[in-house]
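Below is one structure, written out as structure tokens, with a few remarks after it.
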Amino acid sequence: MAAFEYLRDGDTLVVWKLSRLARSLKQVIQTAQDMQARNIEFRAITQNIDTGTPDGRLFFYMTAAFDQFQRELIVENARAGRAAARSGGRKGGRPRSMDDEKVRLAEALLRDKENYPFVNDVI
């Protein structure tokens, strides 16, 4: 990330929310270790996290763990919802824009190269 390359010793990285810093707990921890090694502080505005204090560092790691937990729950619930929809007969995806008759007509027109030499002539 370009922001990390720009940061210097003693700087503070400010983000809107901790979840904007990284996508997984492992990434958050690695990023925090990298920032600590480079003497860079971290602040998350909406969660009032400031790694410049021991309390802030504790809250940082606790919040990161809860964010990871929340992401995993969302993925799990989405999978369960898709499975329930499939078992109820839903396939998912966008509804078809053409019925079988329109598809057959379009295919016939596409085969008629003499009257419709270009695909755009059919569409």
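Would you point out the residue of the range 1-13, among those that are among the hydrophobic types (A, V, I, L, M, F, W, C) and over 16 Å from residue 57 (Cβ atoms), that is modelled with the lowest pLDDT?
Per the stated criteria, the residue is 1.
Hey, could you check the range 91-123 for residues that are surrounded by 10 or more Cβ atoms within 10 Å (Cβ to Cβ) and among the β-branched types (Val, Ile, Thr) and say which is modelled with the lowest pLDDT?
122
Which of the numbered conditions does residue 15 fail, given that it passes all the others? Conditions: (1) open to solvent by less than 40 Å² (accessible area, probe 1.4 Å); (2) more than 24 Å from residue 74 (Cβ to Cβ); (3) β-branched (Val, Ile, Thr).
That leaves (2) as the condition not met.
Being touching a strand residue (DSSP E or B) at 6+ places or on another chain (Cβ under 8 Å) and modelled with pLDDT of 90 or more narrows it down to one of 74, 40, so name that one.
Of the residues listed, the single one that is touching a strand residue (DSSP E or B) at 6+ places or on another chain (Cβ under 8 Å) and modelled with pLDDT of 90 or more is 40.
Do we find a residue being in contact with a helix residue (DSSP H, G or I) (Cβ under 9 Å, 6 or more places away or on another chain) and surrounded by 11 or more Cβ atoms within 10 Å (Cβ to Cβ) anywhere in the range 72-88?
no
Does the range 30-55 hold any residues that are under 22 Å from the mean Cα position of the chain (by Cα) and either of a type in the set (A, V, I, L, M) or at positive phi (or both), and which are they?
Scanning the range 30-55 gives 32, 44, 45.
Could you count how many residues in the range 24-55 are closer than 15 Å to residue 7 by Cα and open to solvent by 40 Å² or more (accessible area, probe 1.4 Å)?
Qualifying residue count, the range 24-55: 8.
The values are calculated or read from the model by the stated rules, or taken from the named source; none is laboratory data. Note that the structure is a prediction, hence the values are computed from the model and not measured. Every residue, glycine among them, receives a Cβ derived from its backbone with ideal geometry; neighbour counts consider all protein chains shown. The accessibility values were calculated without ligands, DNA or RNA, using every heavy atom of the protein model including side chains. Shrake-Rupley method; radii C 1.70, N 1.55, O 1.52, S 1.80 Å.
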